[in-house]
Structure formats: C-alpha cells, structure tokens
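The values are calculated or read from the model by the stated rules, or taken from the named source; none is laboratory data. Remember, it's a predicted structure, so these values are computed and weren't measured experimentally. Backbone-built Cβ (ideal geometry, glycine too); neighbour counts: all protein chains shown. Surface accessibility is based on the protein's heavy atoms, side chains included, excluding ligands, DNA and RNA. Shrake-Rupley method; radii C 1.70, N 1.55, O 1.52, S 1.80 Å.
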Amino acid sequence: MSSKLLRTIEKYAQYHPTALSLQNFIEFGAKAGSGTDKDTGKVEACNKTSVKFLKKEIPVRLANILEELKHLPKPLLKSPSMRRITQWYQQSFEEVIEYENADGENRDVQMQFSETLSSIARRHATVVETTAEGVMEYRDLHQNDSSANYQNIQYFLDRFYMSRISIRMLINQHTMLFGDDLPKSPTHIGCIDPKCDVLSVAKDSYANAKFLCEQYYMTSPSVEYTTINPYGPDSSTSINLVYVPSHLYYILFELFKNSMRAVVEKNRDEDNDNFEPIKCLICRGHEDVVIRISDMGGGIRRSQTHMLFNYMYSTAPRPSMQSGSVSAPLAGYGYGLPVSRLYARYLNGDLNVVTIDGYGTDAIVTLKLLSSQANELLPIYTATTSKQYKSEIPVADWSSSYPSRNNNKRPNDST
C-alpha cells in the first residue's frame, strides 16, 4: 500500500460514519419513485444526491474498519485469509476514493460510480466465510497459547461484520435505485419493503431451513405459527413493518436451523421420531415487533450459554472446509447466532436467547416497529478504540441510537 493511500485512509478514519434510519432510506428512495412509478427528473436529482453522499460516506466506513484491522493479533493479520480481506478493503477504498473530486452531476460519472459499487459488493461477497477461515486457522494454531486474546477477536468481529452489513446496505440501496440491480419486488424501495410481511418471511425461512435439515437428517420437525396483533386495524392478524426482508430472512433462517437440529438430535438420541413442533410467535406491540421461536430440543447447559454468541463456538461439529462441496453445512462454523444478532441490532433491534437445560430454547427477535426509530448502529473508530484491544475496560465507540446529520470530525482525537 502506497504512503499516499495510507494517509488518505487515516484522513477518512478521523470522521464518524453517519448513522441513518430506515425512515431516511425510505423517504429518500420514495422521491425517486418505485416500480413503474418513476419520474426521470426526480431519479436524476436523487442519483446526484446519493453519489455526493456515498462518495464520502463509504470511504469513511471503510477507513474506520481498516484502522481497526491493524489491532488484530499479528499472526492472525498475517494469515492468508486476513491478508486477502485487508487487500479487498484497501482496493475498495482506493476505487471509491477516485470519485472524491468527481462531478456527481455527470451522467457518465454516476453510471461508473454505480458499476464500481456493484464490483465492490461482488468482491466482498465471501468476506464472512474468508474471515471465518482465518480465525479458525488462528484458533487451531494457538489452542494452547495463553497469550491468544480471543476476547479482542470477538470484539473486532462484531464491529467488522456490523460495518460490512452497513456498507452493503448503502451499496444495495443505491444500485437498486439507480443502477442495474433490480429490487426483488416492484413494491420495494431498493432493498427495503415498506410493508414487510413478517409471517411470510418466517414461512419462507422455515421452508428453506426444513429443506436443509431433511438433506442432513432425512426428517424435520414441523412448525406452528401464532400471530398476535392487538393494535392492528379490525384485529387483523397480518403484521407488517418497514424492514429489509433479506436481513429478517437471514435471522429467522438461522434460528429455525438451530431449532431443527436441536429437536432432531435430541429425539434421535432417544430413538423417537415423534417430534414436538417448533413454535413461532409473532407479536406486534406499541413500539416493537417481537418474534419468538421456541423448541423442545433439550436446551443448552448453563455453563455453555455465555458462549452462544461467540464466533469461535458451536454446539455442532465443525464442518469440512474443503472446496467443491455441493451443499451448505447445517451448522458448525459458529457464526449463525452472532451474525444474526448483528443483523437485528443493526437497525436498533436485538436478538436474545433463553434456554432451559433439559427442555428447550426460546430465541427472541425484537425489531423496531417505527422506521424513524430503526437507526443504524455503527462502529466508530476513535483514539480510545485501540485501548479496547489492550484492556477489558469498555469504551463508548458505537454510534448512538439517534442518527447524526453530519460527519463531524472528532476534536483532539489524536491526544
């Protein structure tokens, strides 16, 4: 990496990322119209605004996480997988920064910028798997090394993956509104569904998890759905909210997958094929939508519950990482729950797990009902962030649940 690029990264890392809300995304996207209801003049005006914002914001988010990469343990940072990750992020930063002084009102620049963002998204498509490979290799090499600080790796991965989620959100929203990528539905605004049907996404998630479970076990438990909507019109059981369907799908797919494996393996050990159904409860409250997935899969030992959201922990055997595998593993990498929780927390929600050893487990997903309250949670790199990698004292280095309007440079951050 050239010294000029290094200085530019350090410059952009001095700025806070700007946290947006789903309401911000929806209101901006609606100006350009959706489906066939598009005004060419409005689309062009919004495209200019989006390019102007993203050519500053994406480098800020990339630079913030590039600075944090430096604090990983040297053996991990020098592993082939993590060197590849670092190169991807540096290359992506360099490509976006080329538009720093470009004329965002030029149509050719707009098209090239959109193509660049699509290229970055493709490049980063396997970031989670590649990072997981590097971390597993590091863990295998340092199993008996007391100096290996796994807590710091956990801290980094939470922030790294959250940053990735946020950057992909910005890219997907722009390329679906102004590029060649098409929304999955004409009613969507970019990748956001203004009336996301929670039950429909849950059923889709279950169906795909069921297919995967049956591939591995030749059987699967059923599911029972219950919707409670006391505040809906005419006591309607339909529960909708402004949300990103792909995010919700990821969360629920992982939870159904975990429950199915637990139920099947518990009953297999007992030589019992009569599975108790998994229960999915969806409830709309005043401020939140809560989804509870309950199983009778035997639960988890209390001594292991503190590890549930650890990236280097899984109750399933570790799958083979051989290339050429024709099917995805049901479990074993240890990334399903922690990444699912990040997706929930990204827009001011949460994911909690309550388990009763010997009985079963409840996974509870909370989503913000109001789009104005569904604000991005973003990692912020500060001078004190580096201290977190050297001590166990928590520091305030996440954005608040209320979005800021500007990229405010931190005063005296170098002191």
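For the stretch 40-102, averaging the sequence separation of C-alpha pairs within contact (under 8 Å, six or more residues apart) and dividing by the residue count gives a relative contact order of 45 percent.
Sites listed here are trypsin sites (Lys or Arg not before Pro) in the stretch 1-75 whose DSSP assignment is loop and whose Cβ has at most 14 other Cβ atoms within 10 Å: K38, K70.
Restricting the calculation to alpha carbons of the stretch 178-291 gives Rg and Dmax of 16.6, 55 angstrom. Across the stretch 111-209, the relative contact order, built from alpha-carbon pairs under 8 Å that are at least six residues apart, equals 28 percent. Magnitude of the charge dipole for the stretch 109-196, about its Cα centre and with charges confined to Cβ atoms of Lys, Arg (+1) and Asp, Glu (-1), is about 320 debye. Per atom type, the stretch 104-158 shows carbon and sulfur on 44% of its accessible surface, probed at 1.4 Å. Rg/Rh, computed from the Cα trace of the stretch 144-240 with Rh as the Kirkwood radius, has the value 1.12.
Evaluated on the stretch 68-193, the Kirkwood hydrodynamic radius is 16.5 Å, with distances taken between all distinct Cα atoms.
Mind listing the phi-derived Karplus ³J(HN,Hα) values for the stretch 253-262, rounded to whole Hz, using 6.51, -1.76 and 1.60 with θ = phi - 60°, and x for any glycine or proline? The phi angles translate into 4, 5, 5, 4, 4, 5, 5, 4, 4, 4 Hz. Toward the positive end of the charge dipole of the stretch 194-282, with +1 on the Cβ of Lys and Arg and -1 on the Cβ of Asp and Glu, the farthest Cα among M218, V264, S205 is that of S205. Scattering from the stretch 1-85 was approximated by placing one identical point on each alpha carbon and applying the Debye formula without solvent; log10 I(q)/I(0) at 0.18, 0.26, 0.27 1/Å stands at -0.86, -1.25, -1.29.
Other residues lying with their Cβ under 14 Å from the Cβ of R301 contribute a combined charge of +1, Lys and Arg counting +1, Asp and Glu -1. Taken one residue at a time, the phi angles of the stretch 122-131 give Karplus couplings (6.51, -1.76, 1.60, θ = phi - 60°) of 5, 4, 8, 4, 10, 4, 4, 5, 5, 5 Hz. Gly and Pro are set to x.
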